[in-house]
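Input: a single structure, listed below in structure tokens.
The values are calculated or read from the model by the stated rules, or taken from the named source; none is laboratory data. None of the values given here were measured: they were computed from a predicted structure. In this analysis, Cβ positions are derived from the backbone assuming ideal geometry, glycine residues included, and neighbour counts consider all displayed protein chains. Side chains included, ligands, DNA and RNA excluded: accessible areas come from the protein's heavy atoms. Shrake-Rupley method; radii C 1.70, N 1.55, O 1.52, S 1.80 Å.
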Amino acid sequence: MTNMANKMISNPFVVGKYLTDEYFCDRIEETAFLLKQIVNGRNVALISPRRMGKTELIHHCMRQSDIADNYFPIFVDIYATTSLAEFVYQLGKAVYEKLAPKSEIWKQRFFSVVSSLRMGFKLDPMTGEPGFDIGLGDIKTPQTTLDEIFNYLEQAEKPCIVAIDEFQQIGNYEEKNTEAMLRTLIQRCANTSFIFAGSKRHMMANMFTSPSKPFYQSSITMGLNPIPLDTYCQFAARMFKLGERSIEEDVVRSVYEDYNGCTWFMQMMMNELFALTPMREKCVKSMLPQAKRGIILSQEQTYKETLSQMAPRQKMLLQAIARDKEARNITSQEFISRHSLPSASSVQSAAKGLLSSDIITKDDDAYRIYDYFFSEWLAKVY
């Protein structure tokens, strides 16, 4: 398996997806903790900043033999969903694609148990077999369909693990009873465990630690910190060696410090640095500016489109935050005067919109642009 993966992968710094253990860095303690909760039937709320590697950790755990051999692991990303119907659609599709292909019996059982979707299933013109070919319009009664999907999971031949990524989205649905309804359904599950992963830490923490919320004390809560610097240095050196190259440790340390140990951004830089380094040569610190420019140029059109959708005052605040890198006291007269911004109330309003759209993030009293590369482009180019 490993040899085949080596032949197929030209750049070992895989970005935004999980491939195999070989290309996955560390997370030994986190993997052991998460597996322990799963095998003991506990639900887990995995809360971490975006791009810290929570999705890859989930896939890594699901690929471990203890899980892959004894459970049906199901992964569903609901980041783009805005309603219960969309949630049901994404979950139903993920469940069908995981369980139905296991056997004809399970395929037929899906149609039988999830009866509210029966009219939405269509026959494949080539094979004559039914398939999951429904649209959102086929979800007429989302709560009923969701209840049926949970019943189907409970009848599976092996225990199921359902990982729901960006779980905090349910808090934004028009249907205000979604949390309570889901909590009721999950409480009934004896054959299914859940991983609730989320990147909006305040929303997730409120969901799982507030006594007034339905999911209060329903799950073991775990966070995800940056991979230790020395561990990432060793990983980077090993990946370069795998590609018949080498890298100065100072390069890795510089990347780690620039992006505060945030996994996705480090991997992106390492991917670009690896691409810039000829085979059997060494990656050196002088390559860093070229690597950053290459990544930023590849995203420039996206950055321009993002700005085009913003109000002028949001753009002004965004550029001010980019120049400071970490901006504090953004409604103070000192900050407003230094960046020639309008009033404190307009800054506060702009910040609220930028936070809600995930363009900026706030840790304690410090604001920063979520995308480090976007921040650099704004500060130097825009």
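Some points to look at:
- A count restricted to the range 207-237 and to residues that are more than 30 Å from residue 161 (Cβ to Cβ) and either acidic (Asp, Glu) or open to solvent by 60 Å² or more (accessible area, probe 1.4 Å) (or both) stands at 2.
- No other residue among 298, 375, 337 is open to solvent by less than 40 Å² (accessible area, probe 1.4 Å), assigned to a helix (DSSP H, G or I), farther than 17 Å from residue 252 by Cα and not aromatic (Phe, Trp, Tyr) apart from 375.
- Put simply, of 190, 197, 275 the only residue that is part of a helix (DSSP H, G or I) and either out of contact with any Cys (no Cβ under 6 Å at 6 or more places or on another chain) or free of Cβ contacts under 8 Å to residues at least 60 places away in the same chain (or both) is 275.
- Listed by first and then second residue, the pairs linking a residue in the range 104-117 that is closer than 22 Å to residue 140 by Cβ and of a type outside the set (Ser, Thr, Tyr) to a residue that is open to solvent by 70 Å² or more (accessible area, probe 1.4 Å) and assigned to a helix (DSSP H, G or I), with Cβ atoms under 7 Å apart and 6 or more places separating them unless they lie on different chains, are 111/118; 113/151.
- Selection of the range 301-322 for residues being under 27 Å from residue 270 (Cβ atoms) and open to solvent by 20 Å² or more (accessible area, probe 1.4 Å) yields 301, 302, 304, 305, 306.
- Only one entry in 279, 287, 269 is exposed (fewer than 13 other Cβ atoms within 10 Å of the Cβ), more than 22 Å from residue 320 (Cα to Cα) and hydrophobic (A, V, I, L, M, F, W, C), namely 279.
- Those residues of the range 159-172 which are at pLDDT below 95 and not small (Gly, Ala, Ser), in sequence order: 172
- Number of residues in the range 50-65 that are small (Gly, Ala, Ser) and surrounded by fewer than 22 Cβ atoms within 10 Å (Cβ to Cβ) equals 1.
- Candidates 13, 75 - the one that is more than 29 Å from residue 207 (Cβ to Cβ), at pLDDT 95 or above and outside any helix (DSSP H, G or I): 13
- Any hit, the range 345-363, residues being surrounded by fewer than 16 Cβ atoms within 10 Å (Cβ to Cβ) and part of a strand (DSSP E or B): yes
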